[in-house]
Amino acid sequence: MNMGIVIGRITATRKDENLVGFKILITQPIDVQENATGQALITVDMAGAGIGEKVIYVSGSMASRATQNKDAPVDAAIVGIIDTIDVEMKFGGKD
């Protein structure tokens, strides 16, 4: 699983019939400090996310499983909306 922020929406009136009914969003991958990492990607929304929301997304074979339609040509799917990110980082042997 990966984290991202939804930065846009794509409207496609003509698309593969297996994508009909899916909301397609542009998601920017982020790290735990919420810094952008890598290039934005196109994701299919399975969680009801909106622009500006932090999300959890999956890619590869897990993405097509998330749609429950194995024929859908999906490389990345949003599977959750993040409420908060709490990180406690410890490095080395000392507290």
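Observations on the model:
- Some residue of the range 29-37 being in contact with a strand residue (DSSP E or B) (Cβ under 9 Å, 6 or more places away or on another chain) and on the phi > 0 side of the Ramachandran plot: yes
- Scanning the range 43-72 for residues that are charged (D, E, K, R) and in contact (Cβ under 8 Å) with a residue 24 or more places away in the chain gives 45, 53, 54, 71.
- Qualifying residue in the range 80-94 (condition: of a type outside the set (D, E, K, R), within 12 Å of the chain's Cα centre (by Cα) and not in a loop (DSSP other than H, G, I, E, B)): yes
- Checked against the criterion of being modelled with pLDDT of 95 or more and over 13 Å from the mean Cα position of the chain (by Cα), the candidates 35, 18, 69 yield just one match: 35.
- Annotation note: Cβ proximity below 7 Å between a residue of the range 73-90 that is free of Cβ contacts under 8 Å to residues at least 60 places away in the same chain and under 18 Å from residue 30 (Cβ atoms) and a residue that is assigned to a strand (DSSP E or B) and aromatic (Phe, Trp, Tyr) (sequence gap 6+ or interchain) occurs for 76/57; 77/57.
- Of all residues making up the range 20-42, the number that are surrounded by fewer than 17 Cβ atoms within 10 Å (Cβ to Cβ), of a type in the set (A, V, I, L, M) and touching a residue at least 40 places away in the same chain (Cβ under 8 Å): 1
The values are calculated or read from the model by the stated rules, or taken from the named source; none is laboratory data. These numbers come from a predicted model, not from an experiment. Methodologically, a virtual Cβ is constructed for each residue, glycine included, from the backbone with ideal geometry; neighbour enumeration extends over all protein chains shown.
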